[in-house]
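The values are calculated or read from the model by the stated rules, or taken from the named source; none is laboratory data. Note that this is a predicted model, so its numbers are computed, not measured. Using ideal geometry, Cβ is built from the backbone for each residue, glycine included, and neighbour counts are taken over all protein chains shown. The accessibility values were calculated without ligands, DNA or RNA, using every heavy atom of the protein model including side chains. Shrake-Rupley method; radii C 1.70, N 1.55, O 1.52, S 1.80 Å.
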Amino acid sequence: MKSLITRYSRFTRHYFVIGLALLLFSCQSKDKAGDDDDTKVASQTAVTVTAVDSSALTDYIDLNATSTTLQKNYVKSNANGYIQEVNAQLGHDVKKDEVLFTIKTKEAQTIGNSINVLDTTFKFSGINKIRASAPGYISQISHQAGDYVQDGEALATISDRSSFVFLMQLPYELKQYVKAGQNVDLTLPGGTKITGSVSSFMPSVDTVAQTQGVVIKINAGQQIPENLVARARIVKASKSNTQSLPKSAILANETQTEFWVMKLINNTTAVKVPIKEGIQSGDRVEILSPKFSGKDKIIVTGNYGLADTAKVKIIAQ
């Protein structure tokens, strides 16, 4: 009986050890499987996706254009003398032949009226009236009443409103995009938009900047001050209906000679698709090839550094 109990006890211990070993092996297998799952989840890159959009695109460039008056007329003294009266004021409109200054000659100021007393038939006042040579507005006054001026000295400047334009500095390499008579959109400080047209080109180019002045005429009835800097928009190319993607969706090599996007072939796999770019408009880039469908999903964020056939996880679209 004692021998039977001993064998039973050994048998029980033997199977207990085997069971414990199986239990430990099972736990290790589950832990390993769990680690594999974690590694698999961790290898998925979080991305956001977008679809190809078909709309109008316009490629343009913005340049500065400064308001100015091309035609300026200078009011000059016609004798040596003293200014007695000034009828000109800055910013005021004047008409042609309007009296702006009254000058008493140096001789008349020195002699006074004594010559008329000695000879009543000699009518000498020594007063000269300086008139406006052209209509416009007074943009500069150089002298005031009481000043001594010499013959030919500038007294004031009259700016001709009919010659008011915007002068745009155009890089010479972009001249192909600007033609005479072409409409140009101008945006003034504050957001006001006006439309002008290219009138002419200046005959010289700035030596340092290599820019050419372009004269843009606007409606003469618009009251705009001189030296105001506006933004002129020059259209380089325009397409009415073409497929495009955000700039962030497009990847390139270091030399900017090859371009591609990461396209999803299923919910967790993205592949590299080479593309050919077209025009750019703001944040959009035209895709000339290949042709994508509206259902294609293109990665827009999280795509940098992804290898071909990468595992991804969509977090937004």
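What the table shows:
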| item | result |
| --- | --- |
| Filter result (open to solvent by less than 80 Å² (accessible area, probe 1.4 Å), in a strand (DSSP E or B) and not β-branched (Val, Ile, Thr)) within region 64-92 | ALA65, SER67, LYS72, ASN73, GLY81 |
| One residue from ILE265, ILE234, ILE224 being among the hydrophobic types (A, V, I, L, M, F, W, C), open to solvent by 70 Å² or more (accessible area, probe 1.4 Å) and at negative phi | ILE265 |
| Failed criterion for SER244 (all others in (1) surrounded by 11 or more Cβ atoms within 10 Å (Cβ to Cβ); (2) among the polar types (S, T, N, Q); (3) at pLDDT below 90 hold) | (3) |
| Qualifying residue in region 161-180 (condition: among the small types (Gly, Ala, Ser), touching a residue at least 60 places away in the same chain (Cβ under 8 Å) and in contact with a Lys or Arg (Cβ under 6 Å, 6 or more places away or on another chain)) | no |
| Candidate set: region 143-188, residues that are part of a strand (DSSP E or B), touching a Ser or Thr at 6+ places or on another chain (Cβ under 6 Å) and of a type in the set (S, T, N, Q); chosen: the one farthest from ALA65 (Cα to Cα) | THR157 |
| Those residues of region 295-316 which are under 16 Å from LYS247 (Cα atoms) and either polar (S, T, N, Q) or buried (at least 18 other Cβ atoms within 10 Å of the Cβ) (or both), in sequence order | LYS297, ILE298, ILE299, VAL300, THR301, GLY302, ASN303 |
| For GLY282: the one exception among (1) more than 26 Å from the chain's Cα centre (by Cα); (2) modelled with pLDDT under 90; (3) small (Gly, Ala, Ser) | (1) |
| Condition met for THR187 (within 31 Å of the chain's Cα centre (by Cα) and open to solvent by 60 Å² or more (accessible area, probe 1.4 Å)) | no |
| Candidate set from region 190-200 (those that are in contact (Cβ under 8 Å) with a residue 24 or more places away in the chain and not hydroxyl-bearing (Ser, Thr, Tyr)); member that is surrounded by the fewest Cβ atoms within 10 Å (Cβ to Cβ) | ILE194 |
| Inter-residue pairs, beta-carbon under 7 Å, first on the phi > 0 side of the Ramachandran plot and in region 206-217, second of a type outside the set (Asp, Glu) and not in a strand (DSSP E or B), 6+ apart | GLN210/TYR172 |
